[in-house]
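Just below is one structure, and these are the notes that go with it.
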Amino acid sequence: MVTSREKKYTFQTFRLNYGEDAFQFGDLYVPEKAGPHPIVLLLHGGFWRTLYGLDELTGLAQDLASLGMAAWNIEYRRIGNPFGGWPGTLLDAAQATEYLTTIHTSYDLDLQRSIIIGHSAGGHLALWVAGRHRVSADSPLTSQPPRLPLRAAISLAGAVDLEHTWRLQSGGGATEAFIGGSPADYPERYANASPARLLPLGIPQILLHGTQDQLLPLEVSQVYASNAIAAGDEVTLIELPETDHFALIDPHSMAWAVAVQTIKKRLDT
């Protein structure tokens, strides 16, 4: 388990705009030590709605920076913002990811040691970013080709299968609001926006999910992991006993400590 005694680095925080929209920004946390720094990209959840923002993951970003890793905590347009939902939210996740390739020298970031991680709806976005090279060439989601060489993608109780979360009516119909309709209404949108439909992603994936999650049940990750492994992907599912949906983003929780150990292992820190 990660303890406070392991935290030894101070860090600087920079708010940076990766696009021109008011919600196309992120907070970059850079440890005050010699680089280049491994980088963790963070995508918050909230069922893609404006009620939630990147401040949900501020504690995680600060924790990672104090452990010697740079953290890029991403904001994006959500349902309720102009151009939020399909396709703007997805395009923002991709654009924010690739933005690191333009600023890495200014902040001494090691792009060869990068991981993307997301919670809840952010878990969906993290795995989608990792697999977006599989999106159909004629989709509006193919505007920016992938350049950042991600080592792994991590989902924290993620909405990784949009058709599954649609059937469950997770978040009070959040998936339908995000995509604009049902799978029957927009089959091509679901096919290109859902990580489960893009398999195999061709990148290691780690899914952490609590057994007591009442918002996105464990079965979402279980079914996804089984299908991803069958498709040939390297997937690890970590089931966390007595853990609810939000413990995974509590920087003082055992659930987050497990996530940190996974991140450090993948980044060789």
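Laboratory data are not the source of any read-out in this text; all were calculated from the coordinates shown. As the structure is a computational prediction, the values presented were derived from the model and not from experiment. Glycine also receives a Cβ, built like all others from the backbone with ideal geometry; neighbour counts cover every protein chain displayed.
At-a-glance table
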{"read-out": "Two-decimal Rg to Rh for the chain - Kirkwood Rh, Cα set", "value": "0.94"}
{"read-out": "Mean separation of Cα contacts under 8 Å (6+ apart) over length of the stretch 4-267, as relative contact order %", "value": "17"}
{"read-out": "Global form of the stretch 1-141, assessed from the alpha-carbon gyration tensor, a/c cut-off 1.5", "value": "prolate"}
{"read-out": "Modelled FRET efficiency - R0 25 Å, Glu32 with Ile103, Cβ distances, 0.05 increments", "value": "0.90"}
{"read-out": "Rg(Cα)/(2.2 N^0.38 Å) for the stretch 78-119, N = residue count", "value": "1.42"}
{"read-out": "Theoretical gain in end-to-end length, Gln261 to Ala137 [0.36 nm per residue, Cα-Cα removed]", "value": "41.0 nm"}
{"read-out": "Projected-area mean, the stretch 150-229, by convex hull of Cα positions, square nanometres", "value": "5.2"}
{"read-out": "Long-range lysine pairs (8 or more apart or interchain), the stretch 4-267, Cα under 16 Å", "value": "4"}
